[in-house]
Amino acid sequence: MSALPPTTDDTRIWDIWESMFILPVVTVSIELGLFKALSDATLTTEELASQLSLDARALALLLAALCSQGLVDKRMGRWSATHEARRWLHPQAKAFWGAFLSLDRMPGVNTLHAPLLDAIKTGKRPQSRSDAPPEWERPSMTAEAAAGVAAFMHAHSQAPARGTSVQSEFAEVASVMDVGCGSGVYGIEMARANPRLQVGLMDLKEMCVEVNKYIAADGVGDRVQSLAVDMFNEPWPTGYESHFFANIFHDWSVETNKLLAKKSFDALPAGGRIFLSEILMDDEGTGPWPAAAFSLLMLLSTLGKQYSLCEFQEILESAGFTEVRAKRSGGGYYSLVSARKP
Ligand SMILES: C[S@@+](CC[C@H](N)C(=O)[O-])C[C@H]1O[C@@H](n2cnc3c(N)ncnc32)[C@H](O)[C@@H]1O
């Protein structure tokens, strides 16, 4: 086993992982008639959704993915198919690839086609038809589920946690509460990088059992403590100078995020800061691919999506925060969004 520490650049792994969406965004768009519609006319997202009977919010995520793959263009708010898409992906084009890309020819290869098609039509993730939401959306979870989510998120978050922890913002605050901390990897890395920083790791109580194991393994116990709090249904601890959320807002709708931002605002002191670690969509909704593909995963598995800085600005300002900023945080594709309570 390699003893090398993780670096902060895991973009190659992200690219490999997110490549799973490249084929389905194309096959779904062919089946929906999207390339034909955007060859015949330039349309807004809402016009295209209405013409093809699709969910406009979900369609916007698909269009961002197609745009970052060079298959559609957006000009002054209107979409059109690119020359490549018209030549190879229009069903009436002489050189149409559809017969080759057809699912019948490749049974079992394109397993994301059906759930993605369904989500773009309905705007809902496939499992929302059942009564049970995913484990992390319930007010409690089993010990087994908590261990699974912690391990899963820990593997995913190591590089951005390291990149984020050395940003100057965390040397400027005395304390930080990591809300919905998962394994606690972000807060633990922040404590390691900033010797005077006090860190609270907040998550559901079952997850805190796992968090305590990660704290013990990393030897930062005296400055890092777990906080068993249901962020929706229980009062938030006060006394922390800043709040940090990694991959939390992308799980939820704008309305729920406004609620979380307000809870954070109310629990912070004057001058307190809020930080979000997220992969940001650009302000035009045209990509980039790492955010657009991640957004499709959110569409399939959560109630959220990847947001742009403009969208975060609206959410954070609605709660009273000011000075909304973002910078790349040196952790793979992640950015650090920050704002201040006046
Ligand atoms: C997508 S994970 C993010 C984990 C971590 N921040 C990271 O990026 O590695 C979402 C986290 O939110 C937590 N969570 C979900 N609902 C919660 C609630 N009501 N109160 C507190 N934490 C919650 C989950 O247990 C999970 O750890």
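The values are calculated or read from the model by the stated rules, or taken from the named source; none is laboratory data. This structure is a prediction, so every number in the text was calculated from the model and none was measured. Here the Cβ is made from the backbone with ideal geometry for all residues, glycine too, and neighbour counts use every protein chain on show.
Quick notes on this one:
Residues checked against (1) among the basic types (Lys, Arg); (2) in contact with a helix residue (DSSP H, G or I) (Cβ under 9 Å, 6 or more places away or on another chain); (3) buried (at least 24 other Cβ atoms within 10 Å of the Cβ):
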residue	(1), (2), (3)
GLU189	no, yes, yes
VAL209	no, yes, no
ASN212	no, no, no
MET231	no, yes, no
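Matching residues to (1) within 10 Å of the ligand (Cβ to nearest atom); (2) closer than 18 Å to GLN313 by Cβ; (3) among the hydroxyl-bearing types (Ser, Thr, Tyr):
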| residue | (1), (2), (3) |
| --- | --- |
| ASN233 | yes, no, no |
| SER253 | no, yes, yes |
| LYS258 | no, yes, no |
| ALA261 | no, yes, no |
| SER264 | no, yes, yes |
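- Just so you know, in segment 173-204 the residues that are more than 6 Å from the ligand (Cβ to nearest atom) and charged (D, E, K, R) include one that is farthest from GLU278 (Cα to Cα), and it is ARG196.
- Residues satisfying the stated conditions in segment 237-246, i.e. touching a residue at least 40 places away in the same chain (Cβ under 8 Å) and surrounded by fewer than 20 Cβ atoms within 10 Å (Cβ to Cβ): PRO237, GLY239, GLU241
- A count restricted to segment 154-172 and to residues that are surrounded by fewer than 22 Cβ atoms within 10 Å (Cβ to Cβ), within 11 Å of the ligand (Cβ to nearest atom) and either of a type in the set (Val, Ile, Thr) or over 23 Å from ALA326 (Cα atoms) (or both) stands at 2.
- The set of residues in segment 247-300 that are within 19 Å of LYS124 (Cβ to Cβ), surrounded by fewer than 24 Cβ atoms within 10 Å (Cβ to Cβ) and more than 11 Å from the chain's Cα centre (by Cα) comprises SER253, VAL254, GLU255, THR256, LEU300.
- Looking only at segment 315-334, and only at residues there that are more than 20 Å from ALA159 (Cα to Cα) and in contact (Cβ under 8 Å) with a residue 24 or more places away in the chain, the one that is surrounded by the most Cβ atoms within 10 Å (Cβ to Cβ): LEU316
- Test for ALA150: is it near the ligand (Cβ under 9 Å from one of its atoms) and either modelled with pLDDT under 95 or assigned by TED's automatic domain parsing to the domain that holds TRP17 (or both): yes
- Residue that is nearest to the ligand (Cβ to nearest atom) [pool: residues in segment 235-251 that are closer than 18 Å to THR302 by Cβ and aromatic (Phe, Trp, Tyr)]: PHE245
- Taken as a whole, the condition of being among the aromatic types (Phe, Trp, Tyr) and farther than 24 Å from VAL324 by Cβ does not apply to TYR240.
- Filtered residue count, segment 274-319, keeping only those that are more than 16 Å from the ligand (Cβ to nearest atom) and among the β-branched types (Val, Ile, Thr): 2
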